[in-house]
Every structure is written in C-alpha cells, then in structure tokens.
Amino acid sequence: MVAPFVIVALNAVKSPAEYSANGPLSLPDGLHLDGLKDFWERVDFGQKLINSVVISGSVAVLAVVLSVLNAYAIGIGRIKGRPWVLAFFVLANMLPQEALVYPLYYVLKEAGLYDTRLSVILVFTVIQSAFGTYLLSSVLGAFPKEVIEAARIDGANKWQVLWRVVVPVSRPTIGVLLVFFFIWTWNEFLLPLVMLISNDNQTVSVALGVLQGQRLMDATMTNAAALLGVLPAFLFFLIFQRTLARGIAVGAVK
C-alpha cells in the first residue's frame, strides 16, 4: 500500500522531460512542483477540496448519528419485526449505485436540490447509515442488559440511557464508522459526477476523473492530481488510526 503512494509522490515532483527519459520508477533529480501547481490552478483544486471536506465530514457525522439512533431502536429497543428490518438494511447495502442514479436524479430535480452539495450529503447519509445501522445493531444487540437496567433504576430515561450509557461504551465502534464513512464518501465518484454538474460544487474525485479524460498523456500532471486527491484522505486516516486500532481491539476482545 505504501509503495504505490511513494511512486505516485515521486512522479508528481518530476519534470515531464525527466519522466519521459527515465520512466516512472526513477528517482527525481530535483523538486519540480509545476505539475502540482498546474493541476491546482486548472481544476480550482482549493474549491474542490472544500467541497469534498464539507460533504465527507457532514456525511460521516450525520450517518453516524442516524446509525446510532436506528441501532438503538433495533438492537436495544427490540422493535417488532427486527429480523426483517435488518434484512432491509442488508438489501440496501447490496443495491448498486447505478440502480439509484435515475430515481435520485428525478427526486432531487423535483425537490429543487439538484446540483447542490446538500443533495449529495443527504443521499450518502442514507446510504452509509444503512451499513452503520446493520453493524451497530449487532453490537448493541449484545449490550449488557444489567447496565441499562441499572441506569433506568437510577432514573435515566431512554434518551439519557442512549447518550450517557450506550454511546460512551460504544465509542470505539462509532469512531471506526466515522473514519470509514469519511473515507468512503471522499472516494465516491458516480453519484457526485451525476448530481454535481457545476464546477463550483464538484468534488476532488470528480475533478480527477475529468482531468484524466482531458490530459490523458500528461503523466506528471496525472500523478500530481492523484497525489493531491489521496493526500487529504491519507492524512485523515493517519490522524484517526488510533481510533481504528482501538475499535478493532475492542471488537476482538468482545
């Protein structure tokens, strides 16, 4: 996983002439930032970066909150028809996005949300929360009943049990979902490509795809685009890697 990233980073700081002469596996003779600068200016990468951060961050937070609420009702509340509800969420995870493109396009067009960041946030919040609900329902289904009963004896209502007991205990799992939702949404391409047609609303992944179609033979700029596209998600992963490790360790202990 590290080797491809290093190769892309090295090729991103080469000059086009050096890349053509020595190939993609050679070391650069200096630091050439023309490819990074040209890509940044060509696609207005600053605006694309803001769009991706806003969309991915909003989806991650909203999808986690929605997943927690749904899983609390299914896993601890034990609503009627629980197996069928979980089967519905599993089916939602298996549904390909290609099947959702036209219905979502039509609904968002009628609602006046087409070509807005809010439309993509709403769509991916629902999509990601389907997986989050299924996962958290399994975790909360095994939540110790003695802890919940003790909280209720102390006078806690349902909301207090959720936010003061269930959420703190489930924080490692919730943290893992938050990281995954952010990275998954960051890498989404098809639905943002269809739903965000304005240049000011497009995301980083869409900008990368459009660039490769226009500048297919410019290897230096393509590598620069790939580096700038993956670097924010990579940094986000490094920042929250302890959260991932802690969540996986808790799951292993359970």
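Odds and ends about this structure:
Table: residues versus (1) free of Cβ contacts under 8 Å to residues at least 40 places away in the same chain; (2) charged (D, E, K, R); (3) out of contact with any Lys or Arg (no Cβ under 7 Å at 6 or more places or on another chain); (4) assigned to a helix (DSSP H, G or I).
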residue	(1), (2), (3), (4)
A9	no, no, yes, yes
S26	yes, no, yes, no
K37	yes, yes, yes, yes
S52	no, no, yes, yes
A71	no, no, yes, yes
P83	yes, no, yes, yes
K109	yes, yes, yes, yes
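- Residues of the range 30-60 satisfying the condition of being within 15 Å of V206 (Cβ to Cβ) and among the acidic types (D, E): D44
- Unique match (being modelled with pLDDT under 90 and either under 22 Å from V61 (Cα atoms) or open to solvent by 30 Å² or more (accessible area, probe 1.4 Å) (or both)) among A111, A99: A99
- Residue among V90, V107, V64, V68 that is on the phi < 0 side of the Ramachandran plot and in contact with a Leu (Cβ under 6 Å, 6 or more places away or on another chain): V64
- Of the listed requirements (1) among the hydrophobic types (A, V, I, L, M, F, W, C); (2) modelled with pLDDT under 80; (3) in a helix (DSSP H, G or I), L31 misses just one: (3).
- The residue that is farthest from A73 (Cα to Cα), counting only those in the range 111-135 that are β-branched (V, I, T) and assigned to a helix (DSSP H, G or I), is V120.
- Considering the conditions (1) part of a loop (DSSP other than H, G, I, E, B); (2) more than 23 Å from V68 (Cα to Cα), L104 is excluded by exactly one of them, (1).
- Search result, residues across the range 143-160 that are outside any helix (DSSP H, G or I) and closer than 16 Å to A71 by Cβ: F143, P144
- Selection within the range 64-86 - of a type in the set (G, A, S) and at pLDDT below 85: G75, G77, G81
- Unique match (being modelled with pLDDT of 80 or more and crowded, with 16+ Cβ neighbours inside 10 Å) among L211, L190, L227: L227
- Residue within the range 116-133 that is among the aromatic types (F, W, Y) and over 15 Å from the mean Cα position of the chain (by Cα) present: no
- Any hit, the range 44-57, residues being among the small types (G, A, S) and open to solvent by 80 Å² or more (accessible area, probe 1.4 Å): no
- Applying the condition of being surrounded by fewer than 16 Cβ atoms within 10 Å (Cβ to Cβ) and of a type in the set (A, V, I, L, M, F, W, C) to the range 5-19 and asking which residue is farthest from V230 (Cα to Cα) yields A17.
- Residue match in the range 147-164 (condition: within 22 Å of F181 (Cα to Cα) and either open to solvent by 40 Å² or more (accessible area, probe 1.4 Å) or at pLDDT below 95 (or both)): yes
- Qualifying residue in the range 184-194 (condition: farther than 22 Å from L86 by Cα and more than 17 Å from the chain's Cα centre (by Cα)): yes
The values are calculated or read from the model by the stated rules, or taken from the named source; none is laboratory data. This is a predicted model, so every value here is computed, not measured. Positions of Cβ are backbone-derived with ideal geometry, glycine not excepted, and every protein chain shown enters the neighbour counts. Heavy atoms of the whole protein, side chains included, go into the accessibility calculation; ligands, DNA and RNA do not. Shrake-Rupley method; radii C 1.70, N 1.55, O 1.52, S 1.80 Å.
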